[in-house]
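Below is one structure, written out as structure tokens; comments come after it.
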Amino acid sequence: MDQRELELLLAGLPIRAARYFPTLGSTNDVAARWAAAGAPDLALVAADEQTAGRGRLQRRWLTPPGAALAFSVILRPGGQEDILRYTALGALAVCEAVNQALPAVTPALIKWPNDVLANRRKLAGVLAEAHWRGEVLQAVILGVGVNVARAAVPAEAEVSFPATCVEDALEAPVDRWGLLHAILEQIIAWRARLAETAFLQAWSARLAFRGEWVQAIWDDQPPLAGQVLGLDDAGRLRLRARSGEIHTLQGGELRLRPAATP
Ligand code: BTN
């Protein structure tokens, strides 16, 4: 891949500008600088390798060369200011793109709020970052990292949730840049429908652990055990605790882990 090939790949898509880097620190950081300098809506930054990839909760995100997708889309919001929806947009887009090839009985699913799982292992993560000027949302940087080949899968000791890659889920080699194209198609299609009920329904249909018991962990709170009920109208996660009490989780510093049924 190079700049010219990326532009050819994107020719049929309404991506307004694109920059390719063989290596960089973080596509989200480069995209944020570009956004501040006036990048248009639907501008793309893609890299083969990241040396300072970032995940949620200040975690590192590994992107070795030749094995992963790491890209950020600059979105100029038109009315929709809910960062949770943008996070879901990235996760849903990866799910839908990967599920075009996965058997329907074992689809990729969203571990709320931002991870994509296959076979209960993480294959992609989304980092959506809002950039404000005063009270006006200037841009959302939608960063997506996908483990495509095994070389992108971090060692078990390095991650807090088991990881996998698209090639292992599909049990077949994957055309990385074809997958990028498919994910971008999904981002573009669903972005136009972010405020619709259909978006919430599609997101909800891909929710992992539905009906299962999970532990919701906040940094400074005791873990909350609950059964996953689904999403509310705002896309917040609804859990039923053992007491029967319903908790609605906002996101933020939350981590979800499967838990034994009580
Ligand atoms: C997570 O799982 O916590 C989110 C991971 C997001 C990683 C992607 S890779 C492209 C973009 N650039 C970054 O530095 N992070 C995101």
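The values are calculated or read from the model by the stated rules, or taken from the named source; none is laboratory data. Note that the structure is a prediction, hence the values are computed from the model and not measured. Backbone-built Cβ (ideal geometry, glycine too); neighbour counts: all protein chains shown. Heavy atoms of the whole protein, side chains included, go into the accessibility calculation; ligands, DNA and RNA do not. Shrake-Rupley method; radii C 1.70, N 1.55, O 1.52, S 1.80 Å.
Consider the range 112-129 and keep the residues that are more than 9 Å from the ligand (Cβ to nearest atom) and not in a strand (DSSP E or B). The one that is most open to solvent (accessible area, probe 1.4 Å) is Arg120. Taking the numbered list (1) assigned to a helix (DSSP H, G or I); (2) closer than 15 Å to Val140 by Cα in turn, Ala39 passes all entries but (1). Criterion first (open to solvent by 20 Å² or more (accessible area, probe 1.4 Å), assigned to a helix (DSSP H, G or I) and touching a strand residue (DSSP E or B) at 6+ places or on another chain (Cβ under 9 Å)) does Ala151 satisfy it? For Ala151, the condition - open to solvent by 20 Å² or more (accessible area, probe 1.4 Å), assigned to a helix (DSSP H, G or I) and touching a strand residue (DSSP E or B) at 6+ places or on another chain (Cβ under 9 Å) - is met.
Of all residues in the range 20-69, those satisfying the criterion of being hydroxyl-bearing (Ser, Thr, Tyr) and more than 17 Å from the chain's Cα centre (by Cα) are Tyr20, Thr23, Thr51.
Ala93 - would you say it is open to solvent by less than 40 Å² (accessible area, probe 1.4 Å) and out of contact with any Asp or Glu (no Cβ under 7 Å at 6 or more places or on another chain)? Criteria met by Ala93. Against the list (1) open to solvent by 50 Å² or more (accessible area, probe 1.4 Å); (2) more than 9 Å from the ligand (Cβ to nearest atom); (3) touching a residue at least 60 places away in the same chain (Cβ under 8 Å); (4) farther than 24 Å from Gln215 by Cβ, the condition Glu158 fails is (4).
In the range 40-55, the residue that is nearest to the ligand (Cβ to nearest atom) out of those that are surrounded by fewer than 21 Cβ atoms within 10 Å (Cβ to Cβ) and among the small types (Gly, Ala, Ser) is Gly55. Every condition in (1) part of a strand (DSSP E or B); (2) buried (at least 19 other Cβ atoms within 10 Å of the Cβ); (3) not acidic (Asp, Glu) is met by Thr87 except one, and the failing one is (1). Taken over the range 191-207, the residue count meeting the criterion of being part of a helix (DSSP H, G or I), among the aliphatic types (A, V, I, L, M) and open to solvent by less than 60 Å² (accessible area, probe 1.4 Å) is 3.
Output the number of residues of the range 174-190 satisfying the condition of being outside any helix (DSSP H, G or I) and in contact (Cβ under 8 Å) with a residue 12 or more places away in the chain.
Count: 1.
Would you tally the residues in the range 96-111 being open to solvent by less than 40 Å² (accessible area, probe 1.4 Å) and either in a loop (DSSP other than H, G, I, E, B) or within 11 Å of the ligand (Cβ to nearest atom) (or both)? Qualifying residue count, the range 96-111: 4.
The residues of the range 1-31 that are near the ligand (Cβ under 10 Å from one of its atoms) and open to solvent by 20 Å² or more (accessible area, probe 1.4 Å), listed by number, are Gly25, Asp29, Val30.
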